[in-house]
Amino acid sequence: MTASLSARWHDLLTRCGATADPGPYADDLLARWAEPQRHYHTTAHLAAVLDRVDELAGHADDPDAVRLAAWFHDAVYRPDRSENEERSANLACRALREAGLPEPLVHEVARLVRLTTTHHPDPGDRNGEVLCDADLAVLGGPPEAYAAYTAAIRDEYSFVPPDAFREGRTAILRQLLALPALFRTPEAHARYDARARANMRAELDRLTA
């Protein structure tokens, strides 16, 4: 998987006009995505989000900006910290400027990375809709894949006592289920919304039983 991801990064950065060798940036990013504290936010998650972006790319105004944002959206990830998205956006700015990418593209990538704090793009933000839908697509997977996702999330937050984790997770699920639309692109909504709501309701029932 690492070799495949590295190749995808090389093609993407070259296509976006990089003036620096993409290799060292790929090595740094892939090392970050493989850090030991990660159980869900791993290279497998990165690959899955990139695959979903590819599937939804026709909806985006700038699919490559969304792909770059996918690479950086969890590049900085500490489960016990609250500023991961901001630090990931700052990393994207530093790396992409150093690589020679145009400043408007750098700004758009950083904006998209920060958007994953809330996953609530404004109406008409087609790039944001694609990135957020790709990131949340795991919610609409088959029940066994959803169970693996929730187990991995619990492993990442193993330092949180069970009662506190249950309370926090319950609040997140209720917030998501209250949204009028979990997915903003028509394709993702049709593909994932109903199953995502069923998965989350089942998890909520288990947590509150």
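Quick look at the numbers
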{"read-out": "Dipole magnitude of the chain, debye to nearest 20 (Cβ charges: Lys/Arg +1, Asp/Glu -1, about Cα centre)", "value": "480"}
{"read-out": "Under Karplus coefficients 6.51, -1.76 and 1.60, residue-wise ³J(HN,Hα) of segment 53-70 in Hz, glycine/proline x", "value": "4, 4, 5, 9, 4, x, 7, 7, 6, 9, x, 6, 4, 5, 5, 4, 4, 4"}
{"read-out": "Segment 123-194-segment 1-29 distance, computed between alpha-carbon centres (Å)", "value": "28"}
{"read-out": "³J(HN,Hα), Karplus 6.51/-1.76/1.60, whole Hz, each residue of segment 117-130, x for Gly, Pro", "value": "5, 10, 6, 10, x, 5, x, x, 7, 5, 4, x, 5, 5"}
{"read-out": "Histogram of C-alpha separations across segment 7-76, 5 Å bin width, %", "value": "3, 17, 27, 26, 17, 8, 2, 0"}
{"read-out": "HN-Hα J in Hz across segment 168-181 - Karplus 6.51, -1.76, 1.60, θ = phi - 60°, x for Gly and Pro", "value": "x, 5, 4, 4, 4, 4, 5, 5, 5, 5, 7, 5, x, 8"}
{"read-out": "Cβ-derived FRET efficiency at R0 25 Å, Ala7 paired with Ala151, nearest 0.05", "value": "0.25"}
{"read-out": "Leading residue at positive end of dipole, the chain (Cβ point charges), from Tyr25, Leu179, Ala190", "value": "Leu179"}
{"read-out": "Kirkwood hydrodynamic radius over Cα pairs of the chain, then Stokes diffusion coefficient at 37 °C and 0.692 mPa s, in µm²/s", "value": "186"}
{"read-out": "Dmax and Rg, reported as Rg then Dmax, of segment 87-152 (C-alpha, Å)", "value": "14.7, 43"}
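Computed from the coordinates by the stated procedures, all read-outs in this text should not be read as laboratory data. Note that this is a predicted model, so its numbers are computed, not measured. Backbone-built Cβ (ideal geometry, glycine too); neighbour counts: all protein chains shown.
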